1. So G35 clears everything in (1) open to solvent by 10 Å² or more (accessible area, probe 1.4 Å); (2) more than 17 Å from G109 (Cα to Cα) except one condition, right? Which one?
2. Search the range 1-26 for residues that are farther than 27 Å from E69 by Cβ and polar (S, T, N, Q) and pair each with any residue that is part of a helix (DSSP H, G or I) and open to solvent by 50 Å² or more (accessible area, probe 1.4 Å) when their beta-carbon atoms are under 7 Å apart and the residues are at least 6 apart or on different chains.
3. Evaluate the following for L111: is it within 28 Å of Y28 (Cα to Cα) and either without any contact (Cβ under 8 Å) to a residue 12 or more places away in the chain or among the aliphatic types (A, V, I, L, M) (or both)?
4. Scan the range 68-75 and give yes if some residue there is under 21 Å from Y28 (Cα atoms) and buried (at least 19 other Cβ atoms within 10 Å of the Cβ), otherwise no.
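The values are calculated or read from the model by the stated rules, or taken from the named source; none is laboratory data. Since we're looking at a predicted model, the values are computed, not measured. Note that each Cβ is placed from the backbone with ideal geometry, even for glycine, and that neighbours are counted across all protein chains shown. The area values use the complete protein model at the heavy-atom level, side chains included, leaving out ligands, DNA and RNA. Shrake-Rupley method; radii C 1.70, N 1.55, O 1.52, S 1.80 Å.
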Amino acid sequence: MKRVVVFCGSSLGFNPVYKEAAKSLGKYFANNNIGLVYGGGKIGMMGVLADIILENDGEVIGVIPKLLEKVEVIHAGVEEMIVCKNMSERKVIMSKLVDGYITLPGGFGTLDELFEALTLNQLHIEQKPVGLLNINGFFDAVLLQIDKMVDEGYVRPENKKLLIVADSVEVLMTKMQEYVAPKIEHVIQKVVK
């Protein structure tokens, strides 16, 4: 993977373990020449992640919607900042730039982006690894919900495997590097085209 988008909060949360996870991921990216594509902010988890990579001379590309392009939000240290019209366009731009997705703790927007990435893979529109860094059990309830969706017949068991989960950066990155996308089914291709 040459570039990975990271979805994460514009807040740091209450527990410092989340900030440390962002730092750890940033160091991993910088040490392994993996470029970061992210929401373009200087605040919260996003800012911590970008700062660590920039401090270590790594590649950082921000993609920010016009409505968020404000001095108190946008990261001035990111040289490549793509300003787009809206959140939907941001997702499309990010998708074109990356080889995979990682989700760190965050709020509604973070979950929205995670589930869009999973949906694109489920429909075989994309075939990229989607990782979830489950630090401190942050996503345990989300994982239980996915199990419930499988149990109740709303998510196929094989599609649950589209989400790569780990509680450490090293394990997650290893799993993502080893990811093999499922074979594209003919029926899905006809539905999408």
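1. Evaluating G35 over (1) open to solvent by 10 Å² or more (accessible area, probe 1.4 Å); (2) more than 17 Å from G109 (Cα to Cα) leaves (1) as the failure.
2. N15/N136
3. Working: within 28 Å of Y28 (Cα to Cα): yes; either without any contact (Cβ under 8 Å) to a residue 12 or more places away in the chain or among the aliphatic types (A, V, I, L, M) (or both): yes.
Yes, satisfied.
4. Of the residues in the range 68-75, the ones under 21 Å from Y28 (Cα atoms) are 75.
Still in the list and also buried (at least 19 other Cβ atoms within 10 Å of the Cβ): 75.
Within the range 68-75 (the criterion being under 21 Å from Y28 (Cα atoms) and buried (at least 19 other Cβ atoms within 10 Å of the Cβ)), the answer is yes, since at least one residue qualifies.
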